[in-house]
Structures are given as C-alpha cells and as structure tokens.
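The values are calculated or read from the model by the stated rules, or taken from the named source; none is laboratory data. Model, not experiment: these values are computed from the prediction. Cβ sites come from the backbone with ideal geometry, for glycine too, and all protein chains shown count toward neighbours. What goes into the accessible areas is simple: the full protein's heavy atoms, side chains included, and nothing from ligands, DNA or RNA. Shrake-Rupley method; radii C 1.70, N 1.55, O 1.52, S 1.80 Å.
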Amino acid sequence: MFGLRGFEMRKQKKILAALLAAGLLLAGCGSGNGEEEQDSSQEAQTTEETPTPQEEPAEEETSGENVEEDSEDQEEKVEISIPEQEGLVADYTTVEGLTLEAGTRFAVVVTNTESGYWKAVREGISQAVDDLNEMLGYEGSDKIQFIYDAPKDETGVNEQVDILDSVLTEAALAGKPYVLCLAAVDMSSCEAQLETASMNQIPVIILDSGVESDLVNASCVTDNYGAGQEAAKRLCEQIGDNGEIAVAAHTSLSATSQQRVQGFTDEITANHPNVSLMQVSYEPSGEEELSLEEQIRQVLDTYPNLKGYFATNEEVSEQLLSILEDYQDRQIKMVGFDVGKDQIDAIREGREAGVVCQNPYGMGYATVVAGARALMNLENSAVINTGYQWIDQSTIDLEENQKYIYE
C-alpha cells in the first residue's frame, strides 16, 4: 500500500550488493579529458548554513553532510510551477499522495553549489523535502534528508566521479532507500556509477544536465535548445536584425551548453540572414587552452564591428558583463542566461538587454517528486520540462517573474 512494497527487499539486496558495488566503484569511469585526479569527495564538500540531521543543535553548520530543512526556518515558500505539458503523468509541483519510508535520503550531486542558480535549485529541493516531512509527520532521525554536493569547478569531471563513488558506497551500505539526483559535468561520464546505482536499486533522476545512459529514470530539465533559440531572437531584436555577433559558452562537455549553443546557432542560420555569428568560445576543459576571458577579449579585438554577445549561463554572463565594461564605447548588446544579483543590476542599469531565465526552484522541487515516485515504483515522465522565461528591464519587477530571479 502507498508504494512501500519492496523496501525491505531493497534493504537486503543493498547489503548483498555492497561488495560488488565497491569493486565497480574502484574501476570508476573517469574521463579521458586530461584532467588531474582530484582529491577525495570529502574535500569537495561545501559548507552551508543549514540544519543537520545529527543530534547537534539545528543552528550548527554542515559540510556536505545530510541536510534537513525545517519549514519554520525558511523565510517564505516559493510558488512552485512548471509549464503545462501534454502527456505529463503526474503533477510535479506537489508531494501530495507520496509516501516514503522514514529516513529516505536524496543524494544530489550537481556541477556547482555557489552560483545563485544552483542555490535556488537547492531551495526547491529543500522545500520539497520539508513538505514531505510535514505531510508524513516525520521528525528527528525519521526525517527524509538530502545531501547537496558538487566539484569545486564546473569542469571537474573526475572530481564529480569521486563524489559519486563516495555517495554510492555510503548508499549501498546504509540500509535505507536512496535516490541519486545528478547534474553531470560531462554528459558522457559516469556510466559505471549509474550501473552501480541500478545494481543497488537506487533510482537516478537527472536535473539540469544529462548523461548518455538508459539507466536514468527521469530528467527534470530546461528545454535548452528552445532557450537558445529564444536568446538568438532577443539578441537579433536588440541589434536590428543586422550585424556581427558572438557566443561565450560554458564547458562544451555539458549537454546544456551544447544544446543552448545549437539552438542559438540554428535560429540565426534559419531566420536571420543579415546576422553573422563570428565566433563561439567555450570555457576551457584543459589547462593548456586559453581562458574564456582571453578568448572573449580576442574576439572583441578581432571583430571591431561586433554588435552583440550571448552568454550561456550565469557564471559566463557575469564574466562577460565584467569584460564589456572595458568596451563601453562600442555599445555591444548582451543577452545572458539565468539571473542572479549581478545581472539584475545590469538589466536595471541598461548594461544587459535581458536574460533567458530557467526555473531553478521548480526544477529542484520536481526532481524530489520524481525521485519519490521512482522509489514508490510509480511511473514518471521520461522528460519533465521545467520551463524558461525571458526577462528584461520592462519585466524584471513583475510579480509573476520573481520566482525566476535569485540573488
């Protein structure tokens, strides 16, 4: 009843699988990208001001450990919404009707924990976990918990693999239901880790950036191709649909980066014949490459008639904004992606034309709902589109857009 069948069997199977899992994890999957091996995941864990699931007072800090959030500690719940989608099998904006075993854990491994975007995703996850605990009446050690961890750098493929190995080893021995929620640095990495999760009956939910695997239960993602197209349309409007433009992108190893650039490029090619895309620059994945800042400055110096620039995520947008301060006399129009404090200020001051915003709160919340459904053996939609929104100077203060904005 309520999808709890199989939990006890899962406990037994996890213990039996643990030794085999450890062998797989030692093999790892790694990446042939020439990165130096990183330190253990313990060094990559972040320190955040959150309550701990231990017996210490709730005010103490935790560092990459299990996290539990009490509703009363949050300032205000953010309205959770995602676009209406034909064929969506469930309402991913509510935990109503979900029942999980006490002590269930969500291991959330992402690409970054410091940016405004990823902090907002974490808040959506935290709200969903709080809502589950409140609905189910779980307190103390019975509470559903989550960890939230990432490599120190968004290009840290090997470091993220190490974090996954540590998480899965703990999960295999924990004797509690686990869900792995993953935003992959490299979309071709971690197949061995996903196999280990499958062997231990740990469902995998992708958020933000996917992997190439049949072992994923569901993906909570932005339509990144469509968002790239939207950015191209908006930038072309800003330059009068005529002139030279360029793109600054985060790592090419990421599916999100590839899809946003592809959508942007295809829109320009198909519908804007008088606009010329001069250069796409990617954040380097190796130390021998030019830094993204060096690449952007090289583009600006090479193309003195450049009229527009598109940046594909929050960090790249902030970096581009800083660089363009040195080229103010050229009045280059910029369209960014995601909207933290720096971009809010830039939009209000007219230094940035606008941004294509994702829905990080909704994405985080939907990820927990999908993970809970997977544990209950309920059907999930394969892809849950969490939506995006264009925001500029005329719309940044509208009430309906505040859920897309974070500082």
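Some points to look at:
- Sequence ranges 399-407, 242-250, ranked by mean other-Cβ count within 10 angstrom, highest first: 242-250, 399-407
- Projected label distance in nm at ASP241 and LEU173, using a 7 Å step from Cα toward the beta-carbon: 6.4 nm
- Packing order of peptides 101-114, 178-191, highest average first: 178-191, 101-114 (average count of other Cβ atoms within 10 Å over each peptide's residues).
- About its Cα centre, the dipole of the stretch 274-407 is roughly 580 debye, where the only charges are +1 on Lys and Arg Cβ and -1 on Asp and Glu Cβ.
- For the stretch 167-209, a Kirkwood hydrodynamic radius built from all Cα pairs, placed in the Stokes-Einstein relation at 4 °C and 1.567 mPa s, yields a translational diffusion coefficient of 120 µm²/s.
- Rounded to the nearest 20 debye, dipole of the stretch 176-230 from Cβ charges on Lys, Arg, Asp, Glu: 320 debye
- Alpha-carbon centroid distance for the pair the stretch 215-242 / the stretch 103-123, whole angstrom: 23 Å
- Once the Cα-Cα distance is subtracted from the 0.36 nm per residue extended length, the ASN274 to ASP91 segment shows a gain of 61.5 nm.
- Taken per residue, the accessible surface of the stretch 141-230 reaches 27 Å², heavy atoms only and a 1.4 Å probe.
- When the stretch 160-228 is described by a simple charge dipole with +1 on each Lys and Arg Cβ and -1 on each Asp and Glu Cβ, the residue from PRO177, ASN217, LEU207 located farthest towards its positive end is PRO177.
- Order by protection proxy (mean Cβ within 10 Å, highest first), peptides 388-396, 169-177, 213-221, 227-235: 227-235, 213-221, 169-177, 388-396
- For the pair the stretch 319-373 and the stretch 147-170, the centres of their Cα atoms are 26 angstrom apart.
- Overall, the anisotropy analysis places the stretch 287-335 in the oblate class: the square-rooted eigenvalues a ≥ b ≥ c of its C-alpha gyration tensor yield a/c not less than 1.5, with a/b not exceeding b/c.
- Segment THR302-GLU114, length gained on full extension (0.36 nm per residue, minus Cα span): 64.4 nm
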